[in-house]
Amino acid sequence: MKYTTLPNTDVKVSKICLGTMTWGNQNTEAEGFEQMDYALEQGVNFFDTAELYSVPATPETYGATEKIIGNWFKKTGNREKVVLASKIAGGGAYTAHIRSGGLTGQNIIEAVEGSLKRLQTDYIDLYQLHWPNRGVNCFGVRDYPYKTSTKEAEDHIEILETLQELIKQGKIKHVGLSNETPWGTMKYLQAAEQKGLPRMATIQNSYSLIHRGYEYGMSEVSMRENIGLLAYSPLAQGVLSGKYLDGGQPKGARGTLFPRFIARYMGDGSQEAVRAYLAIAEKHGLTLSELSLAYINQLPFVTSNIIGATKMDQLKENIGSINIDLSEEILEEIEAVHTARPNPAP
């Protein structure tokens, strides 16, 4: 395994982060335990979860993933071996079953207390804001939704003051963002500097070979402001494994069970790009998953690459991508495809 540190901290994390959002829906508790056991054996010390999980989010499965992780901690005693990240859900109809009001101070306190209880731990190493209260271009929205983005921005000061108090209490150690924009990220960084409040260490945004929108503005923020990307959906929810090409619907696969979640990755442009990347992988003796993950692993603004799997063979392949170094020839071929088909899947 390769390691880095959470920016502006001394916390060492693996370059591969174990994503967990399928546990409690597609995966049983026993399967989640098996994944955590294997990941830790392979040197993966960084796990990411959220109060929202498992996904698709329902009242019945709210908090299910955190409970599985908490039960594993209790069974194995491995809490101190893991850098644990979790997230508070943002506002909106999608999370009406959780709470109303989005990112307020009181809601953050309530969310942290609930996560700590389910996770059976006294602290969370990295606590993240899952998405902003205001409308932004994420979750399949390519461009800024200016026609519908009418809400006022969240209160950055109130949020950071609340997080600071939770840090003082020892309930969280560090803080991060998710699904944020350059403007939102800079507002948090500026408020932290001006008011002496906690500084966001990371930002968890979508990034894959068919969705490199992070490079439009956020990659510069990452590198100049030292806020590391935790890349999620690096395989575009399985599309960049190639298994959905030519109408493929593998039994039990996420896109087969929940097609709306991969719809944004399945346009004609995306399919053409996936075929082109598959050709590069096959030419160089790699799987498409290996190529896709290895590309992200080597990016200078990436702190960790969040992989997720429903099957152990997928997990082993994904974690193994850390041992693959892409040649300049391969990188040039990838850029040629990106030039021809830039960001086909928002």
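The values are calculated or read from the model by the stated rules, or taken from the named source; none is laboratory data. Computed from a predicted structure; not experimentally measured. Positions of Cβ are backbone-derived with ideal geometry, glycine not excepted, and every protein chain shown enters the neighbour counts. Areas reflect the complete protein model, heavy atoms only, side chains present, ligands, DNA and RNA absent. Shrake-Rupley method; radii C 1.70, N 1.55, O 1.52, S 1.80 Å.
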Restricting to Cα pairs under 8 Å and 6 or more apart, the percent relative contact order of region 156-312 works out to 22
Cross-link reach from Lys283 to lysines, straight Cα distance under 27 Å and at least 8 residues apart if same chain, gives Lys2, Lys15, Lys243, Lys311, Lys316
Simple SL model, points at 7 angstrom along Cα→Cβ for Glu272 and Met186; separation in nm is 3.4
Placing each pseudo-label 7 Å from Cα in the direction of the beta carbon, Ile157 and Thr256 end up separated by a distance in nanometres of 5.4
With all protein chains present, the chain has a carbon and sulfur share of its accessible area (1.4 Å probe) in percent of 49
With -39,500 (n - 2.57) per DSSP H segment of 4 or more residues and division by the full residue count of the chain, the 222 nm estimate, nearest 500 deg cm²/dmol, is -11500 deg cm²/dmol
Sorted by chain and number, the residues with a modelled amide H under 5 Å from that of Asn343, at a separation of 5 or more or across chains, are Arg212
Residues whose built amide H sits under 5 Å from the amide H of Tyr3, excluding neighbours closer than 5 in sequence, are Lys15
Of the convex hull drawn through the C-alpha atoms of region 1-50, the volume per residue in Å³ is 73
Plugging the Cβ-Cβ distance of Thr58 and His284 into 1/(1 + (r/R0)^6) at R0 = 51 Å yields, to the nearest 0.05, a FRET efficiency of 0.75
Across 5 Å bins beginning at 0, the whole-percent shares of Cα-Cα pair distances in region 32-116 come to 3, 14, 24, 23, 15, 11, 8, 2, 0
Rounded to the nearest whole number, the Stokes-Einstein translational diffusion coefficient of the chain at 37 °C and 0.692 mPa s (Kirkwood radius, C-alpha pairs) in µm²/s is 162
For 160-170, 232-242, 116-126, ranked highest to lowest by mean beta-carbon neighbours within 10 Å, the order is 232-242, 116-126, 160-170
dims of region 121-240, Cα set, principal axes, largest to smallest, nearest Å -> 42, 33, 27
Looking only at lysines whose Cα falls under 16 Å of Lys117's and that sit 8 or more positions away or on another chain, we get Lys67, Lys74, Lys75, Lys87, Lys171
Length-normalised contact order of the chain, Cα under 8 Å, at least 6 apart, in percent, tallies to 17
Amide H contacts under 5 Å for Ser178, restricted to residues at least 5 apart in sequence or on another chain and with H modeled in the peptide plane, are Leu129, Gln204
Heads up, region 223-323 by the C-alpha gyration tensor (a ≥ b ≥ c square roots of eigenvalues; a/c under 1.5 rounded, else a/b over b/c prolate, else oblate) looks prolate
Cross-link reach from Lys168 to lysines, straight Cα distance under 17 Å and at least 8 residues apart if same chain, gives Lys195
Note on the chain, DSSP bridge orientation, antiparallel percent to nearest 5 equals 10
Rounded to whole Å², per residue accessible area for the chain with a 1.4 Å probe reads 42
